[in-house]
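What follows is a short report on a single structure.
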Amino acid sequence: MPYSDLGPLHSAPCIVRHPANPVVTPAQVPYASSLTFNAGITKYQGRYVMVFRNDVFSNPGTDNARFEHITLGLAFSDDGVKWTVQPKPCLTHEDIPGHRVLRAYDPRLTVIDGRCYMCFALDTYHGLRGGIAVTDDFERFEVLHLTAPENRNMVLFPEKIGGRYMRLERPFPMYGRGREWWEATRFDIWASRSPDLRYWGDTELVMGVEHVPFANDKIGPAAPPVRTKHGWLATFHAVDILDSRGKNGWEKAWKKRYCGGIMLLDGENPRKVIGLCTTPLLAPEASYETTGGYRNDVIFPGGMILEADGMVKIYYGAADTVECLATAHVDELVALCKPVDWTIA
Ligand code: BMA
């Protein structure tokens, strides 16, 4: 039996979903929009900034839904809760150089030395790539780097560590991960380093899917990590598949569940996991996470902001349909991350 049934999963008790959820929906978007989700969020020049994934379908919400295109939308907020979506998208795949680029999506924002960097996923006719761009105004983006296929879910650390920039990422080793068909999508979290954000190397495994009890398929980085006095707090997503799940949302079939997880990485060597919460940080439980969406039972964190009072805002895409916010105190999040009894050699 390739996929074990992990049963019901629950969110950590310290997590509080914001009463204003969902905080961004397609109804707030002044241009074509069917789904607003998987956003990157940061604080930049005195306000909160969100770049969100904006999927457009014809006949959304019906059995005749047909995917049209994706743009990346831009929104600003003074409090991180009430968002104003700007009149036009800030980026589309047509802004990205490269051969037969199809879609840019799942943005992640990190401010480093006063400039805002955006990681994104890029579907191309020749495979999935991760990208890094930089902007100072959310109008012009300079693309600094595109990975070789297959890679995705890249997130940058907000400072140099040991003199190098650093990112977490999730390559897709389709032919190397296992011998059985169901092992082909067992993907893990890796880290790379760079002297200049353009050239990346020193790639090492950080955590394998086998280390996460609430995943039976794959894991990947989520929001860019946040420094605490105990180490780097880092979220990730964890996927379990259950063959008996059928249609679960308005997509034709959806057998996966995505939870948000949390771990603590060593402050000086973030390639080392020093703490892990072995149960979900966020499991799909609220109605906007479990019902009526495009793909129900998906939690996909993409932004984490540590406020001066110790409260952490965690933003996540829910059901691949809307963008949501949950909060917890940083000390409670750190306390969830228990020492691990494994090491990556
Ligand atoms: C992944 C990505 C995400 C999405 C997730 C769940 O493969 O496409 O953008 O949220 O699946 O559908």
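Some notes on this structure:
Matching residues to (1) away from the ligand (no atom under 14 Å from the Cβ); (2) farther than 20 Å from LEU109 by Cβ:
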| position | (1), (2) |
| --- | --- |
| GLY260 | no, no |
| ASP266 | yes, yes |
| GLU285 | yes, yes |
| TYR288 | yes, yes |
| GLY293 | no, yes |
| ILE305 | yes, no |
| CYS324 | no, no |
| ALA328 | yes, yes |
| VAL340 | yes, yes |
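- Scanning region 126-141 turns up one or more residues that are of a type in the set (A, V, I, L, M) and within 14 Å of the ligand (Cβ to nearest atom).
- Residue match in region 105-128 (condition: outside any strand (DSSP E or B) and open to solvent by less than 30 Å² (accessible area, probe 1.4 Å)): no
- Picking from residues in region 147-188 that are touching a residue at least 60 places away in the same chain (Cβ under 8 Å) and among the β-branched types (Val, Ile, Thr), the one that is surrounded by the most Cβ atoms within 10 Å (Cβ to Cβ) is VAL155.
- Annotation note: Cβ proximity below 6 Å between a residue of region 281-303 that is more than 20 Å from ASN153 (Cβ to Cβ) and a residue that is assigned to a loop (DSSP other than H, G, I, E, B) and among the charged types (D, E, K, R) (sequence gap 6+ or interchain) occurs for THR290/ASP297.
So that you can scan it fast, the table gives a plain yes or no per residue for (1) at positive phi; (2) in a loop (DSSP other than H, G, I, E, B); (3) more than 12 Å from the ligand (Cβ to nearest atom); (4) open to solvent by 20 Å² or more (accessible area, probe 1.4 Å):
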{"site": "ASN216", "(1), (2), (3), (4)": "no, yes, yes, no"}
{"site": "GLY220", "(1), (2), (3), (4)": "no, no, no, no"}
{"site": "PRO224", "(1), (2), (3), (4)": "no, yes, yes, no"}
{"site": "ARG227", "(1), (2), (3), (4)": "no, no, yes, yes"}
{"site": "LEU233", "(1), (2), (3), (4)": "no, no, yes, no"}
{"site": "PHE236", "(1), (2), (3), (4)": "no, no, yes, no"}
{"site": "VAL239", "(1), (2), (3), (4)": "no, no, no, no"}
{"site": "ARG245", "(1), (2), (3), (4)": "no, yes, yes, yes"}
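- Test result for ASN153, part of a loop (DSSP other than H, G, I, E, B), over 13 Å from MET263 (Cα atoms) and of a type outside the set (Phe, Trp, Tyr): no
- Sole residue being at pLDDT 95 or above and surrounded by 18 or more Cβ atoms within 10 Å (Cβ to Cβ), chosen from PRO22, PRO13, PRO30, PRO8: PRO22
- Take the conditions (1) in contact (Cβ under 8 Å) with a residue 24 or more places away in the chain; (2) open to solvent by 20 Å² or more (accessible area, probe 1.4 Å); LYS255 misses just one of them, which is (1).
The values are calculated or read from the model by the stated rules, or taken from the named source; none is laboratory data. Here the structure is a predicted model, which means the values were calculated and not measured. A quick note on method: Cβ atoms are made from the backbone with ideal geometry, for glycine too, and the neighbour counts reach across all protein chains shown. With ligands, DNA and RNA removed, areas are computed over all heavy atoms of the protein, side chains included. Shrake-Rupley method; radii C 1.70, N 1.55, O 1.52, S 1.80 Å.
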